[in-house]
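Before any comments, here is the structure.
Nothing in this text is a laboratory measurement; each read-out follows from the coordinates by a stated rule. Everything numeric in this text was worked out from a predicted model, so none of it was measured. Ideal geometry is used to build each Cβ from the backbone, glycine not excepted, and the neighbour counts take in all protein chains shown.
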């Protein structure tokens, strides 16, 4: 595994930030251990990470693209204030709902947090279910150009007006090779692909990808926690109901008043998208039932995508929590951390 820097400027920034790290050379830095705990929604990643952090003296780095936003708490299953008091969390509440956030920025701030944690002599524990963000953390961000807000806004408006299938057809005409790797349901990727081509005048398939075969920056200890899908689906049903009981609809109302609908990525997040649709309806009983059903359905679809993604990430070691239990999983991760070189 490796980190691939997509520009000389980023390489210079990273090098400069590493120099004060007790002036250790690259080989010494590569020996530093970083725990990465991945897994589908509702599997128990946060609780396990907090427990491990308490034992090892670690700090947690969230790899959730929505937990960066203030007030997006209930719907993102953000660590509670009580949990944050027990263990230091990074990348929570660093953005206002009106601000943008993307994978390249995540890469920068996540690695900055990682360096800070190591400099204090503590253990970085990266936690999340987004395969895209975790892949970027390990291997570097996508190599495309920075986002152009004006161009992106126009494409997002076209998406709303014409639908994803129309824009996907456009992508198929412009870059059939890349279009084969996604579907019309991948709205974020369609928008980003059209944005990249508009900026660079090149096909997305022509842009080189990060090299995953370079030497890793750290000694990554990678874990994928999971349960059988049927068990996770049961947990999701209960968790969605609990979120609504805990005030999720009121949370989305508050965010709506602050401009949630103007933030395309945040407004499309699972739960928030369905709730906004409900808030913009008559809000009768049928509308509420439909909202809850769609909320649960979207959450389960996301679980399927998470399993598909991490099947491709061969360096993550799977731990079936139904077979071994949470305590045994914790034991495996701790033993691996202590015994690995």
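Structure notes:
- Rounded FRET efficiency, nearest 0.05, which uses the C-beta distance separating residue 229 from residue 153 and R0 of 45 Å: 0.75
- Pairwise inverse Cα distances across the stretch 149-206, averaged and inverted, put the Kirkwood hydrodynamic radius at 11.1 Å.
- In this label model, residue 200 and residue 143 are separated by 0.8 nm, measuring between points 7 Å along each Cα→Cβ vector.
- Multiplying the residue separation of residue 70 and residue 279 by 0.36 nm and subtracting their alpha-carbon distance yields 73.2 nm.
- Shape class for the stretch 182-266: oblate, because the ratio a/c of the largest to smallest gyration tensor axis (alpha-carbon atoms, square roots of eigenvalues) is 1.5 or more and b/c is at least a/b.
- A viscosity of 1.002 mPa s and a temperature of 20 °C, combined with the Kirkwood radius over Cα pairs in Stokes-Einstein, give a translational diffusion coefficient for the chain of 100 µm²/s.
- More than 27 Å apart - percent of Cα-Cα pairs taken over the stretch 162-307: 44
- Using a Förster distance of 51 Å, the FRET efficiency for residue 286-residue 336 (Cβ separation, nearest 0.05): 0.50
- Mean Cα-pair separation over length for the chain, i.e. relative contact order, pairs under 8 Å, 6 or more apart, %: 27
- Using C-alpha pairs below 8 Å separated by at least 6 residues, the relative contact order for the stretch 149-206 is 37 percent.
- Cut-off 12 Å (backbone N to label point 7 Å along Cα→Cβ of residue 313), residues of the stretch 221-244: 221-226
- Those residues of the stretch 186-218 whose amide nitrogen sits under 20 Å from the label point placed on residue 162, 7 Å along Cα→Cβ: 186-205
- Between residue 293 and residue 132, full extension at 0.36 nm per residue minus the direct alpha carbon distance yields a gain of 55.3 nm.
- With 0.36 nm allotted per residue and the present C-alpha distance subtracted, the residue 258-residue 301 stretch has 12.6 nm of extension available.
- Reported value for the stretch 231-302: 79 Å³ per residue, from the convex hull of its C-alpha atoms.
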